[in-house]
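Below is one structure, written out as structure tokens; comments come after it.
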Amino acid sequence: MSEYPRALIDLTALKHNLKQVRQLAPHSQVMSVIKADGYGHGLTAVATSLADSEGFAVARLSEAVSLRQTGFKQPITVLEGFHDLQALKLMAQYQLIPVIHQQQQIEWLISSPLSGELPFCWVMLETGMHRLGMSAALIQQHIAALSQTTPLGLMSHFANSDLADDVRNIRQIECMKTLADALQLPICLSNSAAVISLPQAHFNWVRPGLMLYGVSPFADKTGFDLGLKPAMQLQSQLIAINPLQAGDEVGYGGRWTAPQAGKMGVVSIGYGDGFSRHLSNCGAVWLRGQKLPVIGRVSMDTICIDLRGCIDASVGDLVLLWGHPELPIEWQAKQAGTIPYELMTGLTPRVNREYHHGKS
Ligand SMILES: *Cc1c(COP(=O)(O)O)cnc(C)c1O
């Protein structure tokens, strides 16, 4: 028997989405971004399904080590690089690829014999994101010494690639091209939004995350609209149905009042599972072919839904929270005032991940 709530994960959808990346960027190698437990889908299952990516990227050393210990042999890039010599040692030991984004890392690399054992390094150029990255001048100053240590590539990250036709994207691309041409380095720049909407930014390597999970990086589109297949469907069960009289208040703080007599349902999912409390009074669920509103506050373990529109609901019914064409995660995220990335990575360990190959 299945335990609810569960995240039902379609592994063939991940493969389908990787194929979409390849169709969009046919001349680029693909570095699949599987940080944060594969965007909440489960690191090992995601890496296995996306095993024919030319490489993986994760944020932290611990994520990369865990992939190596599970047996993955692909090139693995660690987006935050290393923060001390001990970490550099582990990167060499596990043959990981650091992103070098600050001068201190350059100094460690140049002075440590361990750097000769690294397979590759990405040098992070600041092109407009102003998060992690170094100026072109700083990179040029150290490039000769750096290239003595390991083979190098040039990386940067878009700040606005989800906004089509934004001139800031063009500036970031130009900045990248100028330095890469001067230094004759391969480029890795495009996240999902740029894979889809900025073909001139594909270069040698693309670096998509979100779209691999079938979700849209654009506020006005869903993964379904883009020909992607959402890999995750979040499901739970209706565990109670209760009558309401006009004027009854539902949940903590009585934030929803029944305008007339009717029925409400209780669904076994709450913020303790990662169903955001920001969906109080504004989220929805999909039950028996209908979209029904979340009423009152989201609790730790449960939500309440308005069953006035659904007379045949019964205890035990399957309830979908996202991953359905009529209830995509993009919609739910917008209701919560956030982005799908946060909802997916916010699922807690209490939610069972169950895997299947293309049936649901
Ligand atoms: C997370 C991340 C990505 C992937 O971005 P998506 O929008 O999920 O495609 C790429 N590059 C860096 C540096 C990241 O942190």
Val58 being within 16 Å of the ligand (Cβ to nearest atom) and either among the β-branched types (Val, Ile, Thr) or under 30 Å from Ile303 (Cα atoms) (or both): yes
Selection from the stretch 197-241 of residues among the polar types (S, T, N, Q), within 14 Å of the ligand (Cβ to nearest atom) and touching a residue at least 40 places away in the same chain (Cβ under 8 Å) yields Ser216
Identity of the residue in the stretch 185-196, touching a helix residue (DSSP H, G or I) at 6+ places or on another chain (Cβ under 9 Å), within 12 Å of the ligand (Cβ to nearest atom) and outside any helix (DSSP H, G or I), that ends up most open to solvent (accessible area, probe 1.4 Å): Asn191
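Test Glu117 against the criterion of being of a type in the set (Asp, Glu), open to solvent by 50 Å² or more (accessible area, probe 1.4 Å) and touching a helix residue (DSSP H, G or I) at 6+ places or on another chain (Cβ under 6 Å), and give yes or no. First the steps, then the outcome.
Working: of a type in the set (Asp, Glu): yes; open to solvent by 50 Å² or more (accessible area, probe 1.4 Å): yes; touching a helix residue (DSSP H, G or I) at 6+ places or on another chain (Cβ under 6 Å): yes.
When the stated conditions are applied, Glu117 passes them.
Looking for whichever is modelled with pLDDT under 95 and more than 30 Å from Leu88 (Cβ to Cβ) here; the options are Ala164, Ala201. Which one fits? Reasoning before the result, please.
Working: Ala201 fails: modelled with pLDDT under 95.
Matching residue, one of Ala164, Ala201: Ala164.
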Over the stretch 61-109, the set of residues hydrophobic (A, V, I, L, M, F, W, C), part of a helix (DSSP H, G or I) and open to solvent by less than 70 Å² (accessible area, probe 1.4 Å) is Leu61, Ala64, Val65, Leu67, Ala87, Leu88, Leu90, Met91, Ala92, Ile106, Trp108, Leu109
Output the residue which, of all residues in the stretch 317-360 that are basic (Lys, Arg) and either buried (at least 19 other Cβ atoms within 10 Å of the Cβ) or at pLDDT 95 or above (or both), is nearest to Lys221 (Cα to Cα). Lys334
Subset of the stretch 152-163, residues over 14 Å from Ala180 (Cβ atoms) and either open to solvent by 20 Å² or more (accessible area, probe 1.4 Å) or hydrophobic (A, V, I, L, M, F, W, C) (or both), comes to His157, Phe158, Ala159, Asn160, Asp162, Leu163
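With the condition being of a type in the set (Phe, Trp, Tyr) and under 23 Å from Ile241 (Cα atoms), I'd like the strands (runs of 3 or more DSSP E) fully within the stretch 295-360 carrying at least 1 qualifying residues. Working first, answer last.
Values: elements: 303-306, 318-322, 352-356.
Result: 318-322.
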Out of the stretch 297-316, which residues are surrounded by 22 or more Cβ atoms within 10 Å (Cβ to Cβ) and in contact with a helix residue (DSSP H, G or I) (Cβ under 9 Å, 6 or more places away or on another chain)? Val298, Ile303
Looking only at the stretch 6-41, which residues are assigned to a loop (DSSP other than H, G, I, E, B), in contact with a strand residue (DSSP E or B) (Cβ under 7 Å, 6 or more places away or on another chain) and open to solvent by 10 Å² or more (accessible area, probe 1.4 Å)? Ser28
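Checking the conditions here, which among Glu126, Glu174 is within 15 Å of the ligand (Cβ to nearest atom), at pLDDT 95 or above, on the phi < 0 side of the Ramachandran plot and surrounded by fewer than 20 Cβ atoms within 10 Å (Cβ to Cβ)?
Working: Glu174 fails: within 15 Å of the ligand (Cβ to nearest atom).
That would be Glu126, the only listed residue that is within 15 Å of the ligand (Cβ to nearest atom), at pLDDT 95 or above, on the phi < 0 side of the Ramachandran plot and surrounded by fewer than 20 Cβ atoms within 10 Å (Cβ to Cβ).
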When (1) farther than 21 Å from Pro186 by Cβ; (2) within 16 Å of the ligand (Cβ to nearest atom); (3) among the aliphatic types (A, V, I, L, M) are applied to Leu114, the one that fails is (2)
In the stretch 143-184, anything assigned to a helix (DSSP H, G or I), of a type outside the set (A, V, I, L, M, F, W, C), touching a Leu at 6+ places or on another chain (Cβ under 9 Å) and more than 29 Å from Ala219 (Cβ to Cβ) is listed as Ser147
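The values are calculated or read from the model by the stated rules, or taken from the named source; none is laboratory data. Note that the structure is predicted; figures quoted are calculated from it, not measured. Glycine also receives a Cβ, built like all others from the backbone with ideal geometry; neighbour counts cover every protein chain displayed. Surface accessibility is based on the protein's heavy atoms, side chains included, excluding ligands, DNA and RNA. Shrake-Rupley method; radii C 1.70, N 1.55, O 1.52, S 1.80 Å.
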